[in-house]
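Structure, as structure tokens:
Bear in mind that the values in this text are calculations on the coordinates, not laboratory data. Because the structure is predicted, anything quoted here is derived from the model rather than measured.
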Ligand code: PDD
């Protein structure tokens, strides 16, 4: 099945899905995005993703490219045209196309919308979760507004490349005080020695992950205590468990941090239980 993308009002073959050279997303990273998981034919937590999109757009004073319900139709259509049952749908809204100038273009310039979808292999992801992943840590070097989901991801891309070259799958950004912020494309969690789930408060220092929010709901349902506080790399290394969350990984156990084995080097039972219960608790919209 050939891949199809939605670009500014048209469904086009993926290979010919292009934006203008003066799209502000391309020139200034003046664009925001969302990634929703598609699982077993459902879009996972779509309302929460669209609420966060709304917040990102407001923070940057970019208009919605179309009505929310029309955007849902486009997301569904791109998923359908690509035959995605398990995978992800990506949407990006830029401030639009205008002659290069740092200041905002005239209000007549319409935001640009791109939507793509991709299949993923649930078995490969499940295998990865069964083994757990390795993390490296890197100094935080991003701007303060990482709570806005912009496409300005160069520090994230560099950190994740560094992780890959070190044989790891994710990099955690760490503040000068030694506390963990979040991963290059995931939120960071530990299970403390006394069995509490610990994750950094979703203030302006991290992205307010949708999977993070739903995992909190899952934890509540399972009667687990969640403590929103910062934790250090040292605490994570000696924690009972560590894991990451995102729309593409759901709950992914961490078994090594900077070469130090976490617990017995195998995914922990709390991480795996949260992973298993996630789909039942998450909000599911038929794709
Ligand atoms: N990344 N932190 C960062 C920096 C992220 O980029 C992401 C998502 C998350 C987790 O958020 P959520 O649970 O809403 O997916 C945390 C997406 C998946 C990406 O860039 O591909």
Of every Cα-Cα pair in segment 32-174, the percent that sits beyond 25 Å: 42 percent
Residue of 259, 25, 183 that the Gaussian network model of the chain assigns the largest fluctuation, springs spanning Cα pairs under 10 Å: 259
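Go ahead and estimate [θ] at 222 nm for the chain from helices alone: -39,500 (n - 2.57) per DSSP H run with n ≥ 4, summed, over the residue count, rounded to 500.
-9000 deg cm²/dmol
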Crossing angle, helix 210-221 versus the chain [Cα axis fit, 0-90 degrees, rounded to tens]: 40 degrees
Between helix 269-281 and the chain: long-axis angle, C-alpha atoms, 0 to 90°, nearest 10: 40 degrees
Stretchable slack from residue 128 to residue 238, in nm (0.36 nm times residue separation minus alpha-carbon distance): 37.4 nm
Tilt relative to the chain, helix 68-81 - C-alpha long axis, 0 to 90 degrees, to 10: 80 degrees
Residue with peak Gaussian network fluctuation, the chain [Cα springs, cutoff 10 Å], from 49, 266, 102: 102
Under the Debye formula (equal points on every Cα, no solvent term), log10 I(q)/I(0) of the chain at q = 0.15 Å⁻¹: -1.18
Fluctuation leader among 39, 124, 230 - the chain, Gaussian network, Cα springs under 10 angstrom: 124
Prolate/oblate/rounded call for segment 125-281, Cα gyration tensor, a/c under 1.5 rounded: rounded
